[in-house]
1. Could you list, in sequence order, the residues of region 310-329 that are assigned to a helix (DSSP H, G or I) and surrounded by 21 or more Cβ atoms within 10 Å (Cβ to Cβ)?
2. For region 335-346, what are the residues that are surrounded by 23 or more Cβ atoms within 10 Å (Cβ to Cβ) and in contact with a helix residue (DSSP H, G or I) (Cβ under 8 Å, 6 or more places away or on another chain)?
3. For a quick check of your reading of the model, give me the residue pairs whose first member lies in region 234-254 and is within 20 Å of Asn447 (Cα to Cα), whose second is assigned to a loop (DSSP other than H, G, I, E, B) and of a type in the set (Lys, Arg), with beta-carbon atoms closer than 8 Å and at least 6 apart or on different chains.
4. Limited to region 280-309, what total is found for residues that are under 13 Å from Lys246 (Cβ atoms) and not in a loop (DSSP other than H, G, I, E, B)?
5. Only one residue in Thr175, Thr223, Thr198 is assigned to a loop (DSSP other than H, G, I, E, B), among the hydroxyl-bearing types (Ser, Thr, Tyr) and within 24 Å of the chain's Cα centre (by Cα). Which one?
6. I want to confirm something. Restricting to region 246-279 and keeping residues that are assigned to a loop (DSSP other than H, G, I, E, B), among the polar types (S, T, N, Q) and within 33 Å of the chain's Cα centre (by Cα), which single residue is nearest to Ala336 (Cα to Cα)?
7. Against the condition assigned to a loop (DSSP other than H, G, I, E, B), surrounded by 24 or more Cβ atoms within 10 Å (Cβ to Cβ) and either in contact (Cβ under 8 Å) with a residue 40 or more places away in the chain or touching a helix residue (DSSP H, G or I) at 6+ places or on another chain (Cβ under 9 Å) (or both), how does Val382 come out, does it pass?
8. State all residues of region 395-427 that are surrounded by fewer than 24 Cβ atoms within 10 Å (Cβ to Cβ) and over 27 Å from His149 (Cβ atoms); if no residue qualifies, say none.
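The values are calculated or read from the model by the stated rules, or taken from the named source; none is laboratory data. Computed from a predicted structure; not experimentally measured. Glycine gets a Cβ as well: all are built from the backbone with ideal geometry, and neighbour counts include every protein chain shown.
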Amino acid sequence: MDEPSGRAVRCSSHLLDRRATSARLDGAGDGGHRGSPGRSRGLTWRHPGGADAPLRRGLGQPWLQQPVRLALRSDRRRFRSRSLMIASDVRLVDHHCHGLLFDALPADEFRLLATESDWLSIDGTETLDSPFGLGIRSRCAPLLGLPRHVSIADYLARRDELGAPEVNRRLMASTGTDVLILDTGFTASDVVSPSSMTVELGIGSAEIVRLERIAEELAPSTTASGFLADFREALQRASASAVGFKSVMAYRTGFDIPDSPFTAAEVEAAAAEWLTGTNPEVGYRLDHRVLLAHVVWEAVALAKPIQFHVGFGDSDVHLHLSDPTRLTGFFRATHASGASFMLLHCYPFIREAGSLAHIFPHVYLDVGLVSHYMGASAGFAVRESLEIAPFHKVLYSSDAYGLAEHYLVSATSWRSAISRIADEWLADDWLTTGEADRIVELVAAGNARRVYELGNHGLDDRVLEARRLDGSR
């Protein structure tokens, strides 16, 4: 049971000095955890002989343990308030996401966009009777003027009444996002472009280009002998406007990249197999093992961030072949290339991704996608991402697609999760409040700004602050 801050605590025959205890606890969320020179980390107690000594755990006096636990719990209440403020104020750079839909959505189309499955639930069950469904009903509903925990049917009716543009504006304004780094390669729905997202929402945007999409668009006009040079030229053109690239190899063959590039002859032979084996009327889908690896190696030469889909995803993902440790040899071979590799989503391979980020200086990770689909359990994913990876290697993303609800639930889940983690670390004196601020900001935005060099693309803090001040936010 918690003891109020400043209450004198009796320990055996000794009394904690009331004033010292009160002063120490009242300062716990201030100087006491900022690493101030000369400040004790523990409670001050009155030694029987008259000297003051720090009250700490592990000193061999069992009677000292209870006051420390009480102090930590008292600190925890104070730190919880502080850490929640940190997480709620920090601005986000969503380093992997997709455009929104601004047209009206029938209820079942909304449901399909709200799951990674290609199918609605069967036997009369509700597709959104899920962790993400709870997030919609508890986090999004109040922003649409509805009671918290309203039914999905009532939520969808209200969404239809307001219209997608208004819903998008309300929910996106509440995410606290400054920059959206948008993957424009998935076009199953009529999501809007990065420039339209900026115009409609007043949020800065940048573009990620899918490597497979470049090859697929090139296919009708190239030949086997010309593929290597034509792809290289198309990649250079795309690079001029993109802050990075993405590979969806996990959806095509699983991770299978050799430690060195293929030869020109091997690429030509693979291109011949792919081009001649595809019906142009059906469309080109890059699924050739050699070419999937080749386009990644070509992107490495441009020394930009390259995103990899990892783990959980649509029904066509090869989950057992999307363990990122399958890329270990490739990462070893590219550690000095200048390219960075961003492991996206990572569930259920979050710890594997964190291990790779720990080992290799150019490997990073996030836990997007599951940040909304896990709902109330998203904190477990966020916690695992911070277990072993250096703090400058973890990024925030939502992997939202089509629905503003993805963005909102991801943002609120991440803020809540990292707040609880910071709260615990502060209460156990693993870091100062200043360090908590710094780590939260790194994950929220700082790492993405640095790795994607957003300042070189007109997306630095000065520009974003000006946008907020002129009222367009």
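1. Applying the first criterion (assigned to a helix (DSSP H, G or I)) to region 310-329 yields 319-321, 324-329.
Across region 310-329, the qualifying residues are Pro324, Leu327.
2. Step one: of region 335-346, the residues surrounded by 23 or more Cβ atoms within 10 Å (Cβ to Cβ) are 341-346.
The answer is Phe341, Met342, Leu343, His345, Cys346.
3. Within 8 Å, the pairs are Ala242/Lys304; Val243/Lys304; Gly244/Lys304; Phe245/Lys304.
4. The number of residues fulfilling the criteria is 9.
5. Details: Thr223 fails: within 24 Å of the chain's Cα centre (by Cα); Thr198 fails: assigned to a loop (DSSP other than H, G, I, E, B).
That would be Thr175, the only listed residue that is assigned to a loop (DSSP other than H, G, I, E, B), among the hydroxyl-bearing types (Ser, Thr, Tyr) and within 24 Å of the chain's Cα centre (by Cα).
6. Of region 246-279, the ones assigned to a loop (DSSP other than H, G, I, E, B) are 248, 253-263, 277-279.
The next check asks that each one be among the polar types (S, T, N, Q); those that pass are 253, 260, 263, 278-279.
From the residues that got through so far, the ones that are within 33 Å of the chain's Cα centre (by Cα) too are 253, 260.
Details: Thr253: 26, Ser260: 13 Å.
Checked region 246-279; the qualifying residue nearest to Ala336 (Cα to Cα) is Ser260.
7. On the way: assigned to a loop (DSSP other than H, G, I, E, B): no; surrounded by 24 or more Cβ atoms within 10 Å (Cβ to Cβ): yes; either in contact (Cβ under 8 Å) with a residue 40 or more places away in the chain or touching a helix residue (DSSP H, G or I) at 6+ places or on another chain (Cβ under 9 Å) (or both): yes.
So Val382 fails the test.
8. Glu424, Trp425, Ala427
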